[in-house]
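Here the structure is laid out as structure tokens; the discussion comes afterwards.
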Amino acid sequence: MRLVRDVITFCADHMPRYNPINISGYNISEAGATAVQEVAFTIANGIAYVEEVVNSGMPADRFAHRLAFYFVSQADFFEEVAKFRAARRIWAHIMKERFGAKNPESMRLRFHCQTAAFTLTKQQPFNNIIRTAFQALSAVLGGAQSLHTNGLDEAYAIPSEQAMRIALRTQQILAEETAVTQVVDPLGGSYYVEALTNQFETAVYEILNKIDAMGGTIKAVEDGYFQSAIAESAYATARRKASGEHVVIGVNRFGEAAESLPMQLHLVDPEVASRQIARLKATRERRNNVRVAELLDRLEEAAKEPSTNLMPITIELVKARASMGEIVKRLRTVFGSYVETPVF
């Protein structure tokens with residue numbers, strides 16, 4: 001939280017057009033959370049970050065307009081559209097009512113969206129092109145500002161050049177051939193989408209209220225609430241897939257007895273790691289190591305003082321060619337390391 005606060009306040013003062021943080025629900029969703037949990041837990045994290053900055057003395061309108069979010073577009077088409085619409089309404093209400101924002105831009109939930117790697121299958125991998133296209137469409141219809149479409153072979157490896165090109169063309173076809181980007185909130189007014197959006201919003205607020213009652217996001221994480229809720233959802237989904245209740249085409253329905261992968265996968269050059277290690281060693285030999293050691297000492301002392309912003313000294317360290325590992329290691333001596341609470 002300290003680092004997030006320092007990055008946000010530093011950018012508000014020195015880089016006002018920079019997006020200092022991306023509040024991510026991607027890892028939450030890919031760990032097995034439901035769509036409601038993804039939005040609720042992500043917004044809860046956002047609330048914690050805003051509280052931290054506001055409590056430091058910076059009003060919401062000084063920084064909130066540069067916050068950004070990162071969500072997943074899952075397989076349930078209409079639920080995903082409703083999810084994004086509800087998330088925007090919830091964030092606007094929270095920023096206005098809870099944090100006193102007056103600038104409309106401070107209430108706007110700007111978000112990037114990625115299609116769901118969790119839904120991609122090794123079996124019949126070309127089915128993943130269709131999955132990704134529909135997920136991308138729901139993100140566009142839900143109001144995403146930017147979009148990432150996954151490669152069809154991501155269940156196997158880092159995407160190949162062919163897979164990346166198809167993913168790119170998927171976005172380009174949506175943008176250039178379907179005209180869906182020409183209409184604001186094109187599904188607005190649909191009785192089903194509107195009702196689903198309202199239901200989704202209510203469900204998210206139930207979780208947010210529960211988190212508040214527990215003492216806030218940090219306390220809920222420390223108590224293992226987020227982790228246990230996600231684990232339970234992931235287990236329930238796995239059971240539904242195993243039973244066939246949750247249909248996955250090519251896996252538990254319409255499978256084929258013998259399948260082969262009709263494509264060449266991306267192969268990682270085994271020399272990449274050794275080249276990077278060699279570059280790091282060369283950098284350490286060329287830099288002023290006395291200067292780096294001095295700056296690391298200053299970083300550690302600054303970390304012990306809660307009111308000191310760590311960004312200026314961190315920037316000095318980067319300019320002096322300190323590695324991220326060295327910086328993090330020194331901060332760890334002050335802040336310690338997070339140990340996840342066991343959920344079972």
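The values are calculated or read from the model by the stated rules, or taken from the named source; none is laboratory data. Treat the numbers as computed from the prediction; the structure is a model and nothing was measured. No Cβ is skipped: glycine too gets one built from the backbone with ideal geometry, and neighbour counts run over all protein chains shown. Side chains included, ligands, DNA and RNA excluded: accessible areas come from the protein's heavy atoms. Shrake-Rupley method; radii C 1.70, N 1.55, O 1.52, S 1.80 Å.
Here are some notes:
- Spin-label pair D61/E222, simplified geometry with 7 Å Cα→Cβ offset, distance in nm: 3.4
- Overall form of segment 290-332 per C-alpha gyration tensor (a/c, 1.5; a/b vs b/c): prolate
- Taking a straight line from the alpha carbon of K241, these lysines sit under 23 Å away, with near neighbours fewer than eight places off in the same chain left out: K83, K122.
- With protein chains left intact and a 1.4 Å probe, residues in segment 4-161 average 38 Å² of accessible area per residue.
- Over segment 148-243, relative contact order from alpha-carbon pairs under 8 Å, at least 6 apart, %: 11
- Of all the options R88, R108, R239, the one that moves most in a Gaussian network model of the chain with Cα springs shorter than 10 angstrom is R239.
- FRET efficiency, R240 to Y18 (Cβ-Cβ, R0 30 Å, nearest 0.05): 0.10
- Computed lengthening from A157 to N288, 0.36 nm per intervening residue step minus Cα-Cα distance: 43.2 nm
- Correct choice for P(r) over Cα pairs in 10 Å bins from 0, in percent that was computed from the model, options (i) 5, 20, 27, 27, 17, 5, 0; (ii) 5, 21, 27, 22, 14, 7, 3, 1, 0, 0, 0; (iii) 5, 23, 34, 25, 11, 2, 0: (i)
- Here is the size of segment 138-203 from its Cα atoms: Rg then Dmax, 15.4, 43 Å.
- Residue-by-residue Karplus 3J(HN,Hα) for segment 67-79, coefficients 6.51, -1.76, 1.60, Hz, glycine and proline x: 6, 9, 10, 9, 10, 9, 9, 8, 7, 6, 4, 6, 4
- Added length on full extension, which subtracts the Cα-Cα distance from 0.36 nm per residue, L267 to E206: 17.4 nm
- Förster radius 25 Å - calculated FRET efficiency between L3 and N103, Cβ distance, rounded to 0.05: 0.50
- When both segment 250-306 and segment 9-78 are represented by their alpha-carbon centers, they are found 25 Å apart.
- Estimated vicinal HN-Hα couplings, Hz - segment 53-58 in sequence order (Karplus 6.51, -1.76, 1.60; Gly, Pro = x): 6, 4, 5, 7, x, 9
- Here the extension length gained between E232 and R89 equals 48.7 nm, from 0.36 nm per residue of separation less the Cα-Cα distance.
- Among V290, V221, V318, residue whose mean-square fluctuation peaks in a GNM of the chain (springs only between Cα atoms under 10 Å): V290
- GNM top mover of V53, V180, V36 - the chain, alpha-carbon springs below 10 Å: V180
- Accessible carbon and sulfur surface of segment 44-102 relative to its total accessible area, %, 1.4 Å: 48
- Whole-number D in µm²/s for segment 1-109 (Stokes-Einstein; Kirkwood sum over Cα pairs; 37 °C, 0.692 mPa s): 230
- K219 accessible area, assembled protein chains, probe 1.4 Å, Å²: 90
- With θ taken as phi - 60° and the Karplus curve 6.51 cos²θ - 1.76 cosθ + 1.60 applied, the whole-hertz 3J(HN,Hα) list for segment 297-302 is 5, 5, 4, 4, 5, 5 Hz, x standing for glycine and proline.
- Residues of segment 228-253 with amide N under 12 Å of the 7 Å Cα→Cβ point at T121: 241-242, 244-253
- Helical mean residue ellipticity (222 nm; -39500 (n - 2.57) per DSSP H run of 4+; nearest 500) of the chain: -18000 deg cm²/dmol
- Legend: distances between Cα atoms for K102/K210; K219/K329; K102/K319; K210/K329; pairs beyond 29 Å are K102/K319; K210/K329.
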